[in-house]
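Written out below as structure tokens is the structure these notes cover.
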Amino acid sequence: MRWAEITIRTTEEASEAISEMLAQVGCDGIAVTDPFEFKNTVENDPLSYADDGIYNSYGTDVIIRAYFAELDDGFVRMGAKNEEFFNPEGIGTIYGNISGKTMKTEDAVEFVKARLADIGQYLPVGTGFDGLKYVKDEDWANNWKKYYKEFKISDRVAICPSWLDPDSIEAEHKIILDPGSAFGTGTHETTSMCAKLIDKYMNKDASVLDLGTGSGILAIIAKKLGSGITEAIDIDKLAVDVAMENCTANGCGDIECHTGELKDANRNDYDLIVANIIADIIASIAGDIPARLAQGGLFICSGIINTKKDRVEKAIAEAGMEIIETRTDNDWMAYVCQRK
């Protein structure tokens, strides 16, 4: 067996959607090289340093490498790794569900190109597909790991891949989280802003709902910081499976993970609801959020590109919530909203 590596050059704006699409179609690993993240780290961390001119060497494209296992017959494994993934009401229909479990490598490339074109109808994808090459099986285990390192995601929480020594970084709480088939490792601005806001606003024993949990990272952060009843929901069964594994691996097995949408949440009185999704969905569900919050409860939302902030702010106001804090990171927005 060998590994097919598909490279995509894209924009920062579209990188999250493309990474999620690749996870949905069943790639076995994703590595993202984001020059904006590097520049932001150096500019905002007084302990970081970069030689003159290194910024330009990183360019302006976000480079995504997706890895698919190619079998001896020239087919690659595609589709969800769990039969329960198929959800005709969910996000799978946006990217196209794959009924079979394998596909010829050249057909898989064309399939990914088509999905990129779909995303391109809503977001600027840039160059898009930028080549296919193969990685030997014996090189796979370590080849893609070089793109990941430990990092602090908030004042008290650090994220560390399982192959690194968690003692290499100082933090009150450390979360072991590997990049995998469900998007969300904490490196994206939207996830990072949510983590910082959870760290700031969540009270001990607060009840928390993580809506669109992905890898489960935000629910795990909340639990590590002392949340009480914590629930994690995603419409993608594959993401829920991965979230459950991550919760267990981090000693947070009591987080309630299940498939569903906001209407499927178990309670109506959460102290904190977190949604790191996309602007259009946040705007569409904003009106239903207050009925799920306790009096004075908070709604933290992100995944909002700044070109759509007006729509989201309008929906929040119409829902009867007040924005008490706004954060920005590059072109992304995050809001803390309070039920009046």
Next item on the list: Please report how far the C-alpha centroid of the range 182-244 lies from that of the range 252-269, rounded to the nearest whole angstrom.
Entry: 11 Å
Note to self: Given R₀ = 25 Å, what would the calculated FRET efficiency be for T60 paired with E170, taking r from the Cβ atoms and rounding to 0.05?
What the structure shows: 0.15
Notebook entry, point to check: In terms of the Cα gyration tensor, with a ≥ b ≥ c the square roots of its eigenvalues, is the range 186-313 rounded because a/c is under 1.5, prolate because a/b exceeds b/c, or oblate?
Noted result: rounded
Item checked: Over 22 Å (Cα to Cα) - which of K196/K314; K152/K340; K237/K263 fall in this group -> K196/K314; K152/K340
Margin query: Using the Cα centre of the range 181-339 as origin and beta-carbon charges of +1 (Lys, Arg) and -1 (Asp, Glu), tell me which of I282, Y201, I255 is placed farthest towards the positive end of the dipole.
Written below: Y201
Next item on the list: Can you pull the one-decimal nm distance between simple spin-label points at D280 and A114, each 7 Å off the Cα toward Cβ?
Entry: 2.0 nm
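Readers should treat all values here as calculations from the given coordinates under stated rules, not as data from a laboratory. Worth saying up front: this structure is predicted, and the values here are computed from it rather than measured. Glycine also receives a Cβ, built like all others from the backbone with ideal geometry; neighbour counts cover every protein chain displayed.
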